[in-house]
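Peer 1: Take a look at the following structure, please.
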Amino acid sequence: MSGLTHFDGDGRARMVDVSGKVASERVAIARGFVAVPEKVLARIEASGKGEPIAVAELAGIMGAKRTGELIPLCHPLGLDAVSVSISPGDGGLTVEAEVRTTGRTGVEMEAMTAVSIACLTLYDMLKAAARGITIERIELVEKRGGKSGTWRRE
């Protein structure tokens, strides 16, 4: 388990000790995609913003706030800001989340949880219209802050 920070020298799972780190502004952006048949997309777009999108954005925010309860070794964090936006496009819905905090550890997991929960919520609300919906490409796009600085997906 060498190099994996969530394991001690004996290979036992542990929460990473961040007590020695300096608090700094932390930002993470994640993205995902929900592939939806064109007929379902057209229905959502015809209704303006659409209830499924509004509900899924709210669900994503709620998911980010509960990440420490869902992922066993994540630190529970006080989040300063969470935004989730969902936009219809070619072949489906793009979900993006940005999470901010000032703390000793990053918010990558919170951003990815926000996207995951928003995608699952879309699936749940749209499955009656089409069973072939697929959740794809949940990924970290960018992280800023802390000792390692800025990272962006190429």
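Peer 1: Sort out which residues of the range 116-154 are in contact (Cβ under 8 Å) with a residue 24 or more places away in the chain and touching an Asp or Glu at 6+ places or on another chain (Cβ under 7 Å), and write them in order of number.
Peer 2: Across the range 116-154, the qualifying residues are A118, L140, K143, G145.
Peer 1: Output yes when any residue across the range 99-121 is outside any strand (DSSP E or B), of a type in the set (S, T, N, Q) and closer than 15 Å to V27 by Cβ, and no when none is.
Peer 2: The first filter runs over the range 99-121 and keeps only residues outside any strand (DSSP E or B), leaving 104-121.
Retained after the next criterion (residues that are of a type in the set (S, T, N, Q)): 105, 113, 116, 121.
Remaining after also requiring closer than 15 Å to V27 by Cβ: 105.
There is at least one residue in the range 99-121 that is outside any strand (DSSP E or B), of a type in the set (S, T, N, Q) and closer than 15 Å to V27 by Cβ.
Peer 1: Could you check the range 5-17 and list, in sequence order, the residues that are loosely packed, with under 10 Cβ neighbours inside 10 Å and aliphatic (A, V, I, L, M)?
Peer 2: none
Peer 1: Which of the residues that make up the range 122-150 are assigned to a loop (DSSP other than H, G, I, E, B) and under 20 Å from D90 (Cα atoms)? Talk me through it step by step, then tell me what you get.
Peer 2: The first filter runs over the range 122-150 and keeps only residues assigned to a loop (DSSP other than H, G, I, E, B), leaving 127-133, 145-150.
Of everything in the range 122-150, those that are assigned to a loop (DSSP other than H, G, I, E, B) and under 20 Å from D90 (Cα atoms) turn out to be K127, A129, A130, R131, G132, I133.
Peer 1: In the range 70-93, what residues are small (G, A, S) and without any contact (Cβ under 8 Å) to a residue 12 or more places away in the chain?
Peer 2: S87, G89
Peer 1: Just to be sure, is T150 β-branched (V, I, T) and more than 16 Å from the chain's Cα centre (by Cα)?
Peer 2: For T150, the condition - β-branched (V, I, T) and more than 16 Å from the chain's Cα centre (by Cα) - is met.
Peer 1: Give just the number: which of (1) assigned to a loop (DSSP other than H, G, I, E, B); (2) more than 18 Å from T102 (Cβ to Cβ); (3) among the aliphatic types (A, V, I, L, M); (4) at pLDDT 90 or above does I53 not satisfy?
Peer 2: (1) is the only condition that I53 fails.
Peer 1: Name the residues in the range 101-123 that are under 9 Å from the mean Cα position of the chain (by Cα), under 21 Å from T150 (Cβ atoms) and of a type in the set (G, A, S), would you?
Peer 2: Listed by number, the residues that qualify are A111, A114.
Residue-by-condition table, conditions (1) loosely packed, with under 15 Cβ neighbours inside 10 Å; (2) assigned to a loop (DSSP other than H, G, I, E, B):
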| residue | (1), (2) |
| --- | --- |
| S19 | yes, yes |
| V22 | yes, yes |
| A30 | no, no |
| V40 | no, no |
| A59 | no, no |
| G68 | no, no |
| L73 | yes, yes |
| G78 | yes, yes |
| S85 | yes, no |
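The values are calculated or read from the model by the stated rules, or taken from the named source; none is laboratory data. Quick caveat, the model's predicted, so the values are computed rather than measured. Neighbour counts run over all protein chains shown; Cβ positions are idealised from the backbone, glycine included.
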